[in-house]
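Q: For reference, the structure I am asking about is given below.
The values are calculated or read from the model by the stated rules, or taken from the named source; none is laboratory data. As the structure is a prediction and not an experimental result, all values here were calculated from the model. We place every Cβ from the backbone using ideal geometry, glycine too, and count neighbours over all the protein chains shown.
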Amino acid sequence: MEALLPHLDPILAAVRPHLLPLIQGLPAPVHKFGLDQLGEACYATIIGKLDLSSQPECTKLAVSKALGVGIVALSTVVKVPQLLKLVKSGSSKGVSFSSYALETAAYTITLAYNFRSGNPFSTYGEIALLAAQNVIISLLVLAYRGRADAAALYAAVLASAGYSLFNESIINKETMVMIQAAAIPLGLMSKVPQIWTIAKEKSTGQLSAFAVSVQFQCRKRWY
């Protein structure tokens, strides 16, 4: 990154007069979000002046935060292709409910742990969005298999588990730490039922290759 900065300076010098008025005209909530992410000093340098070279530590922070926000943004759509494929076909063939249920359990545990630890949302926000998409997919899989009763039970169990994980009066901090330790193997194990389903049916059915491939790339950040 530092090696690139000298090459960026001439470009920024040319566009700075045109971009600064646009940046200054951004809505207040956008400025507040930037301040929360970068802090007052770095925000004034990186965003307020479009200066990437005078404070390298601020530039590194901005790149790191931008990557985090980008991953969160990507997670909002990463499983949309799978949702669309299920809805369009009206079939859940090739999609393992067990796989999504286990993965959702791992996401919920990690989400609760980070929330209770007071970590910035940008470090785990994608997990919350993926968990929500997983729940919808899981319910669709059961619905398309004519298992409305199982879908209702699953939703009730998930809601109860989520409430308990987020409630310190039910699950204390020490127990939460032990539960979080199980999230990684649980997440890895969640792929086994999907692999078995594909092998058994000898077809990927309605499984979205795009969702699987992009999620694999995102998983490197979580684990």
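Q: Check whether at least one residue in region 47-59 is touching a helix residue (DSSP H, G or I) at 6+ places or on another chain (Cβ under 6 Å), under 21 Å from Ile136 (Cα atoms) and aliphatic (A, V, I, L, M), and report yes or no.
A: No; the residues of region 47-59 include none that is touching a helix residue (DSSP H, G or I) at 6+ places or on another chain (Cβ under 6 Å), under 21 Å from Ile136 (Cα atoms) and aliphatic (A, V, I, L, M).
Q: Still on this model: If we only count helices (runs of 4 or more DSSP H) wholly inside region 143-207, which ones have 3 or more residues that are out of contact with any strand residue (DSSP E or B) (no Cβ under 9 Å at 6 or more places or on another chain) and not hydrophobic (A, V, I, L, M, F, W, C)?
A: Counting at least 3 such residues, we get 148-166, 173-181, 191-201.
Q: Please tell me if Leu111 is crowded, with 16+ Cβ neighbours inside 10 Å, free of Cβ contacts under 8 Å to residues at least 60 places away in the same chain and under 22 Å from Gly90 (Cα atoms).
A: no
Q: With the requirement that a residue be assigned to a helix (DSSP H, G or I), more than 25 Å from the chain's Cα centre (by Cα) and either surrounded by 12 or more Cβ atoms within 10 Å (Cβ to Cβ) or at pLDDT 85 or above (or both), what does region 23-47 give you?
A: Within region 23-47, Ile23, Ala28, Glu40, Ala41, Cys42, Ala44, Thr45, Ile46, Ile47 meet the criteria.
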